[in-house]
Amino acid sequence: QYNCDLSASYNIGARYFINEILQSSTAKKRSELEAKVPEVLVRTNCVLSTLISVVKAL
């Protein structure tokens, strides 16, 4: 149970940071990120690996 709870916390945190990155980006940069990492289009699908992909795409 501990590992499951920890993973959930990571994913909640990842969704928050992905949202902050997208909100602070220009429309052009946001479109480029969405093209490179299509998972960011659906927020419920965003997990820690999505955040890692977004950071690499920056």
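Any read-out appearing in this document is the output of simple, stated calculations on the displayed coordinates, not a laboratory observation. Note that the structure is a prediction, hence the values are computed from the model and not measured. With ideal geometry, Cβ positions are generated from the backbone for all residues, glycine too; neighbour counts draw on all protein chains shown.
Modelled spin labels at Y16 and L41, positioned 7 Å past Cα toward Cβ, are 2.8 nm from each other. The smallest convex shape that holds all Cα atoms of the chain, its convex hull, gives 63 Å³ per residue. Between S7 and A27, the simple label model (points 7 Å from Cα in the Cβ direction) yields a spacing of 3.9 nm.
When each of the peptides 37-45, 22-30, 10-18 is scored by the mean number of other C-beta atoms lying within 10 Å of its residues, the order from highest to lowest reads 10-18, 37-45, 22-30.
Computed from Cα positions, the angle between helix 27-36 and the longest principal axis of the chain comes to roughly 60 degrees.
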